[in-house]
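J.: Can you keep this structure in mind? I'll have questions shortly.
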Amino acid sequence: MTHYVDGFVVPVPKANLDDYRLVAETAGKVWKEHGALQYWECVADDVQPGKLTSFPQSVQLKDDEVVVFSWILYNSREERDAINAKVMADPRLKDMMSPDKMPFDGKRMFFGGFKTIVEM
């Protein structure tokens, strides 16, 4: 069986990492309640700038920031679309999704949806 994954890469100021974790914990609960299979938030521990590309370069990482790599697992893209519509309408996240309240620079975040091709 294949699944569908939303992936995110975010630059988070180190000083805001605890705030980010609190937002992520709430968001994860909301996504799971609405049907997501898994919700992961991971802080970079071993990522180096590359010669051409890298996680730090992808988000124009500043000295006082850390890269966060996140993903959400769904059964299918159709389920992802339905779940995300519910999540975006959920009042628990409404204030958190406001750009001026996020503990990171959303302009440097990137994300996308992916069909799995290998699962073990």
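The values are calculated or read from the model by the stated rules, or taken from the named source; none is laboratory data. Fair warning: this is a prediction, and the values are worked out from it, not measured in the lab. Positions of Cβ are backbone-derived with ideal geometry, glycine not excepted, and every protein chain shown enters the neighbour counts.
J.: Can you name every residue in the stretch 57-88 that is without any contact (Cβ under 8 Å) to a residue 12 or more places away in the chain and more than 13 Å from Gly113 (Cβ to Cβ)?
T.: Gln57, Asp63, Ala85, Met88
J.: Taking the stated definitions as given, is Lys115 among the basic types (Lys, Arg) and without any contact (Cβ under 8 Å) to a residue 12 or more places away in the chain?
T.: no
J.: Still on this structure: Whether any residue in the stretch 62-69 is closer than 23 Å to Asn84 by Cα, surrounded by 15 or more Cβ atoms within 10 Å (Cβ to Cβ) and under 14 Å from the mean Cα position of the chain (by Cα) is what I want to check.
T.: yes
J.: Here is a list of conditions, (1) free of Cβ contacts under 8 Å to residues at least 12 places away in the same chain; (2) small (Gly, Ala, Ser); (3) surrounded by 12 or more Cβ atoms within 10 Å (Cβ to Cβ), and Ser98 meets all of them except one; can you say which number that is?
T.: Checking Ser98 against (1) free of Cβ contacts under 8 Å to residues at least 12 places away in the same chain; (2) small (Gly, Ala, Ser); (3) surrounded by 12 or more Cβ atoms within 10 Å (Cβ to Cβ), the one that fails is (3).
J.: Then there is this: Go through the stretch 1-113 and tell me which helices (runs of 4 or more DSSP H), entirely inside it, have 2 or more residues that are at pLDDT 95 or above and not aliphatic (A, V, I, L, M). Working first, answer last.
T.: Details: elements: 17-33, 55-58, 77-89, 91-94.
So the answer is 17-33, 77-89.
J.: In the stretch 9-20, which residues are surrounded by 15 or more Cβ atoms within 10 Å (Cβ to Cβ) and among the hydrophobic types (A, V, I, L, M, F, W, C)?
T.: Val9, Val10, Val12, Leu17
J.: Evaluate the following for Ala27: is it buried (at least 17 other Cβ atoms within 10 Å of the Cβ), touching a residue at least 60 places away in the same chain (Cβ under 8 Å) and small (Gly, Ala, Ser)?
T.: yes
J.: Which of the numbered conditions does Gln48 fail, given that it passes all the others? Conditions: (1) without any contact (Cβ under 8 Å) to a residue 12 or more places away in the chain; (2) in contact with a Phe, Trp or Tyr (Cβ under 8 Å, 6 or more places away or on another chain).
T.: (2)
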